[in-house]
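Peer 1: Encoded as structure tokens, here's the structure I'll be asking about.
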Amino acid sequence: MANVVKIANMDLSYGNETILQDINLSIKKGEFVFITGPSGSGKSTFLKSLYGALRVGKGSLNIGGMELGKIGKRKLQKLRRHIGVIFQDYKLVNEWRVDKNVQLPLIIAGYSNQVLEEQTKKLLAHVKLSHKVDRYPFELSGGEQQRVAMARALSHNPFLILADEPTGNLDEYSANVVWELLEGANAQLETTVVVVTHNIPTHLSIPYRQFSIKDGALYEIY
Amino acid sequence: MKSIKSHISLLLPLLAILFGLQFVISFERVVNFFEQRLTQQYTMVFAAQNKIDTLKVAKSIKQIDTIEHIDKKTILADFSKNLPAELVNSLKQDLPFFYTVKLDNFLGSDGLERVTKDLLKNSDIVNVESFKASHNQTYELLSLVQLAFELFVGILTFISFMLVYKQIVVWELEHSERMQIMALFGAPVMLRSGVLYKLGFVNAIIAAVVISAVFHYAKDVALVTSALGVLDIEHGLLFKMQDFFFMLGFALVTVFLAVSLVIFNSKE
């Protein structure tokens, strides 16, 4: 099976400070991967590099067949249109209603209004927020906001989902919904999922790989 | 409410900038017209021992528009009534040749002196009268008014640009988070910043229309027409239709630069 993520001898730095060194990793299509590690170890930095928010210092980082160190802004934009990202702080647009937030990747992809409406309806039902379609993010609880962010990340059927501490601030119910959705996307759509987290849930029903970042290096645990 | 406030905070400085710009355009036009008329009314006189080639002299000094010979009969017309004919004939023979000079633009005292010197370089020309004193008064007054006006417009424009800059900073704060989120999902620049361009362009059009309407109306207001009438200046000079397009272009470019600055500063 094809590699969705292929990293070889990669270094990541912030300014002059090297955060991660000599990272090697291959993730195949349909795999579910956890990246764990202590606070400040560079997990989020690593995830940022996967969606091109942080440029590779040395080595190679290939996502979906594109070499991130070599592509320009336009190609990076195109690549991001096929990736779903979930953040610990949700990153919803506060001036937009829930439905428009969910539709963002579809608007960028240029889908018709009919598709936008149908997809929003389906996804909000999926995350159990159909009744909050016309609300603004600041009117929702943290758990609800993260479920909206989940719906947004899944709306355009991405080949890769990147999640940075997706359940870090959530109550148990919302956290379970998030894990169910990630498992569902992985199992039913063969979407590759990379999750950065402190705690791996114990009730997962799918196979997964686990890596840990410590002292600037990445180790495979499981 | 927030949207109206956002519009007004850009519209006001844009109105101030365009108001200053249109004022400059109108004022320059009126001053140019006034200068042209003063130039037409102003005449230098010189005397020459021999008849000179007026075209040749006029061509050799670039500030001179035309030189015309004054017929000696005209000069002696008043005397010839009271003096015997022989005396008049003798005077006619002894009198030098007089010429009037029209300039092609409005000169200050330095300029007049330069023209006088250039004329005196011609060995046939013996005396030049530029009526400098009265001419200079008008010139200095006009220059003073122009300077005061330019200072006023300069300060107004500076303050307006500061207000536009302030609005840019507000926009950066208001929109940068949204634009960053959109960038994370691969939105192209035009989609991310479309709202800002739309907001800016709408304001630019409103500002250009408002200022054009104000000046179009002002040129027909009795107070303005009578003030310009005193100076014998046509009130239509205050606003012409092409001014609207110039202001619109200026406002659109200003807004385009402002929005582009926000986008440029927005981190992905």
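Peer 1: Please work out which one of (1) in a helix (DSSP H, G or I); (2) over 30 Å from B:GLU234 (Cα atoms) is the condition B:ILE17 fails and give its number.
Peer 2: Condition (2) is where B:ILE17 drops out.
Peer 1: If you don't mind, there's one more thing I want to ask. With within 16 Å of the chain's Cα centre (by Cα), more than 14 Å from chain B (Cβ to nearest Cβ) and surrounded by fewer than 17 Cβ atoms within 10 Å (Cβ to Cβ) as the only criterion, which of A:LYS29, A:LYS43, A:LYS70 stands out?
Peer 2: None of the others qualify; the one that does is A:LYS29.
Peer 1: Select from region A:84-95 the residues that are hydrophobic (A, V, I, L, M, F, W, C) and within 8 Å of chain B (Cβ to nearest Cβ) and write down the one among them that is farthest from A:VAL196 (Cα to Cα). Lay out the reasoning, then the answer.
Peer 2: Filtering region A:84-95 for residues hydrophobic (A, V, I, L, M, F, W, C) gives A:85-87, A:92-93.
This time we only want the ones that are within 8 Å of chain B (Cβ to nearest Cβ), so: A:85, A:92-93.
Working: A:VAL85: 11, A:LEU92: 19, A:VAL93: 23 Å.
Here the residue is A:VAL93.
Peer 1: A further question on this structure: Among the residues of region A:124-165, write down those that are more than 27 Å from A:ALA53 (Cα to Cα), in contact (Cβ under 8 Å) with a residue 40 or more places away in the chain and assigned to a helix (DSSP H, G or I).
Peer 2: Passing the criteria: only A:HIS126.
Peer 1: Here are B:GLN22, B:GLN49, B:GLN41: which of them is crowded, with 18+ Cβ neighbours inside 10 Å and either on the phi > 0 side of the Ramachandran plot or of a type in the set (S, T, N, Q) (or both)?
Peer 2: Going through B:GLN22, B:GLN49, B:GLN41 in turn, the sole match is B:GLN22.
Peer 1: With respect to B:ALA58, determine if the residue is modelled with pLDDT of 80 or more, among the small types (Gly, Ala, Ser), touching a Ser or Thr at 6+ places or on another chain (Cβ under 9 Å) and more than 30 Å from B:VAL170 (Cβ to Cβ).
Peer 2: Numbers: modelled with pLDDT of 80 or more: yes; among the small types (Gly, Ala, Ser): yes; touching a Ser or Thr at 6+ places or on another chain (Cβ under 9 Å): yes; more than 30 Å from B:VAL170 (Cβ to Cβ): yes.
Yes: the conditions hold for B:ALA58.
Peer 1: Another question, if that's okay. Considering every residue within region B:193-200, establish whether at least one is modelled with pLDDT of 85 or more, part of a helix (DSSP H, G or I) and aromatic (Phe, Trp, Tyr).
Peer 2: yes
Peer 1: More than 14 Å from chain A (Cβ to nearest Cβ), buried (at least 16 other Cβ atoms within 10 Å of the Cβ) and not in a helix (DSSP H, G or I): which single residue out of B:ILE233, B:ILE211, B:ILE168 fits that description?
Peer 2: Numbers: B:ILE211 fails: not in a helix (DSSP H, G or I); B:ILE168 fails: not in a helix (DSSP H, G or I).
So the residue among B:ILE233, B:ILE211, B:ILE168 that is more than 14 Å from chain A (Cβ to nearest Cβ), buried (at least 16 other Cβ atoms within 10 Å of the Cβ) and not in a helix (DSSP H, G or I) is B:ILE233.
Peer 1: Can you tell me which residue within region A:96-113, out of those that are within 12 Å of chain B (Cβ to nearest Cβ) and not in a helix (DSSP H, G or I), is surrounded by the most Cβ atoms within 10 Å (Cβ to Cβ)? Step through it out loud before you land on a result.
Peer 2: Let us first name the residues in region A:96-113 that are within 12 Å of chain B (Cβ to nearest Cβ), namely A:96, A:100-110.
Retained after the next criterion (residues that are not in a helix (DSSP H, G or I)): A:96, A:110.
Details: A:TRP96: 16, A:GLY110: 9.
Once the filter is applied, the top-ranked residue is A:TRP96.
Peer 1: Something else: Right, B:GLN180: surrounded by 15 or more Cβ atoms within 10 Å (Cβ to Cβ), part of a helix (DSSP H, G or I) and within 14 Å of chain A (Cβ to nearest Cβ) or not?
Peer 2: yes
Peer 1: Right, something else. Going through A:LEU182, A:LEU92 one at a time, which residue ends up being assigned to a loop (DSSP other than H, G, I, E, B), surrounded by 21 or more Cβ atoms within 10 Å (Cβ to Cβ) and touching a Pro at 6+ places or on another chain (Cβ under 8 Å)?
Peer 2: A:LEU92
Peer 1: May I pose another question? Which count do you get for residues in region B:113-141 that are within 30 Å of the chain's Cα centre (by Cα) and modelled with pLDDT of 85 or more?
Peer 2: 7
The rows are residues; the columns are (1) in contact (Cβ under 8 Å) with a residue 24 or more places away in the chain; (2) under 30 Å from A:ILE86 (Cβ atoms); (3) more than 14 Å from chain A (Cβ to nearest Cβ); (4) surrounded by 16 or more Cβ atoms within 10 Å (Cβ to Cβ).
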{"site": "B:GLY186", "(1), (2), (3), (4)": "no, yes, no, yes"}
{"site": "B:SER193", "(1), (2), (3), (4)": "yes, yes, no, yes"}
{"site": "B:MET241", "(1), (2), (3), (4)": "no, no, yes, no"}
{"site": "B:PHE256", "(1), (2), (3), (4)": "yes, no, yes, no"}
{"site": "B:VAL259", "(1), (2), (3), (4)": "yes, no, yes, yes"}
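Peer 1: Another question, if that's okay. I'm trying to understand the selection: among the residues of region A:54-89, which are of a type outside the set (Lys, Arg), touching a residue at least 24 places away in the same chain (Cβ under 8 Å) and not in a loop (DSSP other than H, G, I, E, B)?
Peer 2: A:GLY59, A:SER60, A:LEU61, A:ASN62, A:ILE63, A:LEU76, A:LEU79, A:ILE83, A:GLY84, A:VAL85, A:ILE86
Peer 1: Checking A:GLU117 against (1) facing another protein chain (nearest Cβ under 8 Å); (2) in a helix (DSSP H, G or I), which single condition isn't satisfied?
Peer 2: Exception for A:GLU117: condition (1).
The values are calculated or read from the model by the stated rules, or taken from the named source; none is laboratory data. It should be emphasised that the depicted structure is a prediction, and the values quoted were computed from it without experimental measurement. When we count neighbours, we look across all protein chains shown, and the Cβ atoms used for this are built from the backbone with ideal geometry, even at glycine.
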